Amino acid sequence: MEKLVLTQKMLGTIKQTLIDGLTIASGSKSSATYYHSKDDQMKAIQTQIKGMYKLSKELPLIIASQKGATGRFVSEVLLNEFKNTLKGGACNIVNPIDWYDNGLSDKAILSALDNLYNDNGLPYVLRLFVDLKKSKVNNERSRKIVLGFIWGQTNLEFYAMKYRNKIADILRHVYGQRKTSILLSIASKQIFMQGADLIGTEKELAILNESILKYFNGDSVKAFKLLLFLFKKDQNVNYDAQTFPLLSEYQKARVDITGIKVVPEEVLLGLISSVKHPQYHTMWSNDVQREATKALIRKNVEVTSVNQQVRQTKSTAKLGVEKRVDVEKATDFLALYKTGYETTFTGELMSAIDKLAEKKKIQGFFYSNIGIIVDRSNSMIGHKAESKNTPRAIADFTARVLSKSATSGCSIEYTDGEITDLASSFIGLLKTENPSKQYDAIFVLTDGYENAYDGLTNEVITVWKSETGRDIPIFQISPITSAEMGANVRKIGSSVVTMAINNPTALQPQINARLLEIDTKRWLENQVLALEASPVKRTKKININA
Amino acid sequence: MNTRDFSELLKGCRPVKDKDGNIIVQSIMNMQVVCLTTDVEYSLDNRFANPLTSLTSSNSSYGQISFTNKENKEVILPAQMAVMTKQSAQNHGMIKAGYVEPKTQTTFHDAGCIQGGQTGYFRGTSEFRMIPVTMREMLFDSIGQSGGYSRIYPAIQKLGQETGSNAGNYLNVYFEKYDKKLEQFIAHFERPKNLIGIIVLIDGEIVAIDKFPSFTYAEQVWDLMIRDCYGSLAIISELKHKTSSNEFYTTYQEIKRNHQDNVIDLLEKAMKKTKEKITSSVQEKIQELLDLTFDAKLDTEGQSSSSRAPKSYVLKTEGYVGQVITENEFNHLVSVVKRDSFNPNALREVNELRRKARKQDRFTL
């Protein structure tokens with residue numbers, strides 16, 4: 001890698017933007033907060049990303065590649081990058097030779113995409129691809145990345161079944177209407193050919209190769225059948241159980257849904273709710289039938305993820321289905337907490353949360369003995385309709401993860417009453433401190449809307465620090481960012497360091513990010529080097545330069 | 001003319017307190033909010049429909065608003081609601097609270113335009129906002145007066161001057177300028193459970209009191225009340241560079257002078273003392289109002305003439321003006337504001353004299 005081209009003059013501006021960017025990246029959610037609508041939140045995130053891009057085009061991607069960046073943030077960064085095309089914007093941090101010619105741009109995009117897929121799941125990636133369509137983005141680079149991602153999925157058969165229309169929609173946009181028709185026509189011819197070789201004109205084979213086969217890692221006939229399935233042109237296609245264990249079941253479900261176990265619940269509901277389904281009139285034509293059918297499907301289906309099963313706890317009980325869910329296998333803390341808030345925190349649920357917190361604990365955590373304040377006021381419940389209970393779930397789980405991460409001790413104080421009186425909790429926390437084992441950091445988990453009177457906590461902290469001479473770090477961790485703060489954290493005062501997180505995973509990178517205040521350039525160099533070393537590729541088969 | 005004592009207007013209500021018995025006072029800058037609650041039996045949750053979702057409004061001449069109640073429940077209009085529509089029509093505002101019977105249409109002819117030169121009538125809209133509290137006094141004063149469609153303009157002009165929004169006769173100009181700030185303002189206050197009313201103080205003086213028909217009703221109108229109605233007070237405070245009082249810091253220094261405890265104990269004592277000070281200051285201000293007696297004049301314009309329907313009274317006393325919607329001595333909705341020109345110290349002197357008079361023994365030999 002060449003040296004960074006970042007000038008000393010730019011460094012100051014970039015430093016603050018980076019700090020703000022990391023805060024927004026790990027705390028920004030598109031969902032509404034207690035106070036702000038989804039639209040407000042989205043606009044605030046988009047404005048911040050545009051600002052970063054304007055400063056230096058690599059900046060949003062570097063931040064989006066960090067662990068703990070939220071799905072919404074990464075999606076918006078990628079969308080912005082694709083909209084601006086490869087040549088858009090200016091590189092003011094990385095040498096353009098590295099960015100354009102040595103493939104760093106590609107690696108940055110793919111790392112962010114990897115981040116999006118691994119941390120948030122396929123639906124987020126598909127939503128991004130659909131957004132490309134909505135934004136009318138279909139340049140060569142975005143096309144190749146989308147095709148590489150979709151056809152490169154090892155679990156494509158399952159995804160094709162679960163997200164059939166969405167994937168078809170994305171592919172139709174990427175290929176274009178005309179090319180889609182050509183591909184479907186050639187594919188339907190190929191699957192009835194005998195023998196292993198592809199048969200067709202040179203032009204046809206070139207199209208197949210360019211559009212599908214160079215991205216698909218498997219038998220070409222399988223790719224063609226999947227294509228025909230996605231576009232619902234598979235009336236005469238036979239899915240043998242050996243090659244297509246899921247689609248063969250799906251075909252059975254088209255006629256009879258009882259006894260189907262490996263087709264996702266929503267897919268089965270989609271099939272049976274169509275009046276064309278042979279069982280519609282006996283299983284779906286009135287409310288009683290519907291409830292019974294939903295219960296039957298819920299009982300039979302075995303491919304529902306544990307996280308989803310946890311989220312379904314309330315509705316499963318409502319359907320009268322008894323289904324054993326191994327909550328300890330759940331990896332989504334939000335699902336566990338929300339189930340607890342909506343039903344009750346059973347011993348089993350608490351044990352699962354505890355074990356998950358143990359798994360997520362921060363290795364090599366800087367602080368060994370910490371104090372934590374958790375804001376339990378009304379505003380932490382979140383927005384009534386869109387993100388109910390999310391802020392408090394994040395705060396509660398983060399407190400638990402922090403307590404596991406601190407090796408020698410941890411005290412937790414919860415705010416009392418319905419308003420945000422953090423100051424009294426701060427004093428309460430100090431009272432529980434062991435004088436021979438003092439806190440080496442204090443974490444205040446709050447949305448920052450203090451109203452016992454605004455600024456009271458800051459006054460208390462300032463007095464305490466000056467009277468005791470202690471200068472330990474006090475972190476304000478916000479489970480939300482506020483639209484009115486330009487998607488940033490609402491700070492309770494000058495005496496705290498703020499960070500926003502939507503998952504405790506983001507905590508250590510956020511703390512690390514504070515180190516960038518000391519040596520911004522070194523931090524940036526490390527991030528770029530990490531990007532360069534990342535093993536991401538557009539396809540699993542070959543590397544393509546675009 | 002009837003009279004109504006302040007203590008009677010808020011009967012059944014009490015301030016929300018913390019576990020130590022201190023009144024919970026939520027503050028921003030020089031503004032404080034005290035929430036009121038009541039016993040569950042006095043919250044008529046099932047009787048009234050949501051005023052923001054069960055009504056549609058229309059008009060067919062300037063200076064009037066008709067409300068159509070879609071629900072099978074009665075509706076009490078909160079004090080001074082505004083219709084601010086995207087339709088090509090003149091926005092209008094109410095100068096008071098009102099009552100609408102189930103499944104009926106009620107027309108108030110004493111409403112006013114709030115959008116200067118805009119023409120056109122609105123149809124079937126539920127785009128409601130609340131008129132800022134700083135306009136309330138002038139609007140309550142215009143109840144029963146002949147003012148025509150332009151009756152609200154002077155109050156908008158006053159708001160425009162106080163908030164530097166150059167609003168002229170256009171209330172929407174004020175909202176457009178400050179909407180973002182007002183959204184942020186909502187965030188500062190939290191609605192406690194079982195809220196039935198709100199008392200707002202500026203610089204330690206009570207400037208507005210609202211009592212709602214039920215917990216549900218209070219929940220429904222909370223955001224609008226905080227953002228649209230009381231928000232103007234925060235905007236004005238910010239423009240005047242008012243800040244919180246740093247009460248804790250001052251109290252800590254006082255306590256430190258008189259105690260030898262360790263820092264944590266001092267902090268705890270100072271916090272307790274700070275809360276007590278805030279509570280006693282608010283308590284004192286509420287106490288002063290308890291001596292108030294309002295003249296109550298029946299308001300009939302637009303209100304139901306049915307003998308069984310709640311009645312509307314305009315309340316006036318030295319320094320305060322407002323309205324009550326009441327039925328068989330049960331007060332569903334109360335809305336009172338301090339007159340801008342009123343100096344509460346004058347009232348204090350009068351009250352002090354009255355208290356002394358009450359303490360004096362009768363003349364005997």
Check your understanding: If you place +1 on the Cβ of every Lys and Arg, -1 on the Cβ of every Asp and Glu, and leave all else neutral, what size is the dipole of the range B:107-181 about its Cα centre, to the nearest 20 Debye?
Key -> 160 debye
Practice item. Using label points projected 7 Å from each Cα along Cα→Cβ, tell me how many nm separate residue B:305 and residue A:466, to one decimal. Key: 6.9 nm
Practice item. Leaving out ligands, DNA and RNA, calculate the buried accessible area for the pair A and B with a 1.4 Å probe, summed over both sides, in Å² to the nearest 100. Key: 2900 Å²
Point to revise | Dipole in debye (nearest 20) - the range A:89-156, about Cα centre, beta carbon charges: Lys, Arg +1; Asp, Glu -1 | key: 400 debye
Review point. Please report, for the Cα atoms of the range B:1-118, the Rg to one decimal and the Dmax as a whole number; what are they, in angstrom?
Key: 18.3, 55
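Only bridges whose two residues both fall in the protein assembly as shown count here: according to DSSP, what percent of them are antiparallel, nearest 5?
Details: 71 of 91 bridges.
Around 80 percent antiparallel, to the nearest 5.
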Practice item. Using a Förster distance of 35 angstrom, determine the FRET efficiency expected from the C-beta separation of residue A:193 and residue A:133, and round it to 0.05. Key: 0.60
Review point. How many nm separate the modelled label positions at residue A:354 and residue B:20, each set 7 Å beyond the Cα in the direction of the Cβ?
Key: 3.4 nm
Review point. What list of whole percents do you get for P(r) of the range B:33-177, with Cα-Cα distances grouped in 5 Å bins up to the one holding the largest distance?
Key: 2, 10, 19, 21, 19, 14, 9, 5, 2, 0
Review point. Probe 1.4 Å, all protein chains in place: accessible area of residue B:295 in Å², nearest 10?
Key: 70 Å²
Review point. Of the beta bridges DSSP finds with both residues in chain A, what % are antiparallel, to the nearest 5?
Key: 10 percent
Check your understanding: Treating the beta-carbon of each Lys and Arg as +1 and of each Asp and Glu as -1, no other charges, what is the dipole magnitude of the protein assembly as shown about its Cα centre, to the nearest 20 debye?
Key -> 2280 debye
Check your understanding: Leaving out same-chain residues fewer than 8 places away, which aspartates and glutamates sit with a Cα under 15 Å from that of residue A:252?
Key -> A:234, A:240, A:265
**Study point:** ³J(HN,Hα), Karplus 6.51/-1.76/1.60, whole Hz, each residue of the range A:329-338, x for Gly, Pro
**Key:** 8, 5, 10, 9, 5, 4, 4, 5, 5, 5
Review point. When the gyration tensor of the range A:301-342 is built from Cα positions, what are the square roots of 5 times its three eigenvalues, in whole Å, from largest to smallest?
Key: 15, 13, 7
Point to revise | Solution diffusion estimate, µm²/s, Stokes-Einstein, the protein assembly as shown, Kirkwood Rh from C-alpha pairs, 37 °C, viscosity 0.692 mPa s | key: 103 µm²/s
Check your understanding: Among rounded, prolate and oblate, which fits the range B:317-365 when a ≥ b ≥ c are the square roots of the eigenvalues of its C-alpha gyration tensor, a/c under 1.5 means rounded, and a/b larger than b/c means prolate?
Key -> oblate
**Study point:** Candidate aspartates and glutamates for bridging to residue A:359, where Cα separation is under 19 Å - those fewer than 8 sequence places away on the same chain excluded
**Key:** A:119, A:326, A:328, A:332, A:348, A:396
**Study point:** Distance violations [Cα-Cα > 22 Å] among B:73/B:193; A:50/A:144; B:17/B:181; B:11/B:297
**Key:** B:73/B:193; A:50/A:144; B:17/B:181
Review point. Which angle from 0 to 90°, rounded to the nearest 10, does the C-alpha axis of helix B:215-224 make with the longest principal axis of chain B?
Key: 80 degrees
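I'd like the projected area of chain A, averaged over all directions, using the convex hull of its alpha carbons. Report it in nm² with one decimal. Provide the component values of the computation, followed by the final result.
Numbers: hull surface 112.5 nm².
Mean projected area of the Cα convex hull: 28.1 nm².
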Exercise for review: Taking DSSP loops as anything outside H, G, I, E and B, show the longest stretch in chain B free of GluC sites (Glu not before Pro) there with at most 16 other beta carbons within 10 Å.
Suggested key: B:128-300
Check your understanding: Among A:213, B:100, A:535, whose Cα sits farthest toward the positive end of the charge dipole of the protein assembly as shown (+1 at Cβ of Lys/Arg, -1 at Cβ of Asp/Glu, about the Cα centre)?
Key -> A:213
Study note, to complete from the structure: In this structure, among A:83/A:134; B:277/B:356; A:261/A:323; A:465/B:19; A:136/A:162; A:67/A:162, pairs with alpha-carbon gaps over 19 Å are B:277/B:356; A:465/B:19; A:136/A:162; A:67/A:162
**Study point:** Distant alpha-carbon pairs in the range A:72-119 (separation over 15 angstrom), percent
**Key:** 47 percent
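Write down, largest first, the equivalent ellipsoid semi-axes of the range B:170-228 in whole Å, where each equals the square root of 5 times an eigenvalue of the alpha-carbon gyration tensor.
Working: eigenvalues 94, 44, 26 Å².
Largest first, the range B:170-228 gives 22, 15, 11 Å.
Just to check, using Stokes-Einstein with a Kirkwood Rh over alpha carbon pairs, what's the diffusion coefficient of the range A:149-207 at 4 °C and 1.567 mPa s in µm²/s? Mind dumping the intermediate values first?
Numbers: Rh = 13.0 Å.
Reported coefficient: 100 µm²/s.
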Exercise for review: First select every other residue whose beta carbon is under 14 angstrom from the beta carbon of residue B:3; then total the charges, Lys and Arg +1, Asp and Glu -1.
Suggested key: -3
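What number does chain B give for Rg over Rh if you use C-alpha atoms and the Kirkwood radius? Show your work: numbers first, answer last.
Details: Rg = 21.6 Å, Rh = 21.6 Å.
Rounded to two decimals, Rg over Rh is 1.00.
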Point to revise | Sorted largest first, extent of the range A:49-91 alpha carbons per principal axis (Å) | key: 27, 16, 15
Practice item. Can you tell me how much longer the chain between residue B:2 and residue B:42 gets when fully stretched, taken as 0.36 nm per residue apart minus their C-alpha distance, in nm with one decimal? Key: 12.0 nm
Check your understanding: residue A:377 accessible area, nearest 10 Å², 1.4 Å probe?
Key -> 0 Å²
Point to revise | With every protein chain in place, the range A:248-309: carbon and sulfur % of accessible area (1.4 Å) | key: 55 percent
Review point. Among A:269, B:209, A:247, whose Cα lies farthest out toward the positive end of the dipole of the protein assembly as shown, if unit charges sit on the beta carbon of Lys, Arg (+1) and Asp, Glu (-1)?
Key: A:247
Review point. When only C-alpha pairs under 8 Å and at least 6 residues apart count, what is the relative contact order of the range B:264-365, in percent?
Key: 16 percent
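Can you give me the accessible area per residue for the range B:212-365, using a 1.4 Å probe, in Å²?
On the way: 8170 Å² over 154 residues.
Heavy-atom SASA per residue in the range B:212-365 reads 53 Å².
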Exercise for review: Treating the angle as unsigned and between 0 and 90°, give the value, to the nearest 10°, between the Cα long axis of helix A:520-533 and the longest Cα principal axis of chain A.
Suggested key: 20 degrees
Revision key, fill the gap. Taking Cα pairs closer than 8 Å and at least 6 residues apart, the relative contact order of chain A in percent is 18 percent
Revision key, fill the gap. Once the in-chain neighbours fewer than 8 apart are removed, the aspartates and glutamates whose Cα is under 15 Å from residue A:276 read A:256
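Grab the other residues whose beta carbon is less than 15 angstrom from that of residue A:158, score K and R as +1, D and E as -1, and report the net.
Numbers: positive: A:162, A:164, A:166, A:222, A:225, A:261; negative: A:157, A:249, A:265, A:266, A:302.
Computed value for this residue: +1.
Determine the equivalent ellipsoid of the range A:275-358 by diagonalising the alpha-carbon gyration tensor, then write out the semi-axes as square roots of 5 times the eigenvalues, largest first, rounded to whole Å. Don't skip to the answer; put the middle values down first.
Values: eigenvalues 190, 30, 17 Å².
Taking √(5λ) for each Cα gyration eigenvalue gives 31, 12, 9 Å.
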Check your understanding: Counting only the backbone N, which residues of the range A:261-296 are under 15 Å from the spot 7 Å out from the Cα of residue A:252 toward its beta-carbon?
Key -> A:261-264, A:268
Exercise for review: Provide, for q = 0.20, 0.23, 0.28 Å⁻¹, the log10 of I(q)/I(0) from a solvent-free Debye sum over equal Cα point scatterers in the range B:271-333.
Suggested key: -0.82, -0.95, -1.15
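Would you work out if the range A:356-442 is rounded, prolate or oblate? Take a ≥ b ≥ c from the square roots of the eigenvalues of the alpha-carbon gyration tensor; rounded if a/c is under 1.5, else prolate when a/b is larger than b/c, oblate otherwise. Don't skip to the answer; put the middle values down first.
Details: a/c = 3.63, a/b = 1.33, b/c = 2.72.
Cα axes put the range A:356-442 in the oblate bin.
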Check your understanding: Out of the range B:245-316, which trypsin sites (Lys or Arg not before Pro) are coil in DSSP terms and have no more than 15 other C-beta atoms within 10 Å?
Key -> B:308
**Study point:** Burial ranking of peptide ranges A:230-240, B:27-37 (average Cβ count within 10 Å, highest at the top)
**Key:** B:27-37, A:230-240
Review point. Taking a 1.4 Å probe, which of B:83, A:306 shows the most accessible area, and what order do the others take after it?
Key: A:306, B:83
Practice item. Provide a whole-number value for the mean count of partner chain Cβ atoms within 10 Å of the Cβ atoms in peptide A:454-461. Key: 6
Exercise for review: On each of the three principal axes of the Cα atoms of the range A:81-187, give max minus min coordinate, whole Å, ordered largest first.
Suggested key: 45, 32, 23
Check your understanding: Percent relative contact order of the range B:11-143, based on C-alpha pairs within less than 8 angstrom and at least six residues apart?
Key -> 23 percent
Review point. Within the P(r) computed for the range B:206-310, what percentage of the Cα pairs occupies the region above 23 Å?
Key: 61 percent
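The values are calculated or read from the model by the stated rules, or taken from the named source; none is laboratory data. Computed from a predicted structure; not experimentally measured. Positions of Cβ are backbone-derived with ideal geometry, glycine not excepted, and every protein chain shown enters the neighbour counts. Side chains included, ligands, DNA and RNA excluded: accessible areas come from the protein's heavy atoms. Shrake-Rupley method; radii C 1.70, N 1.55, O 1.52, S 1.80 Å.
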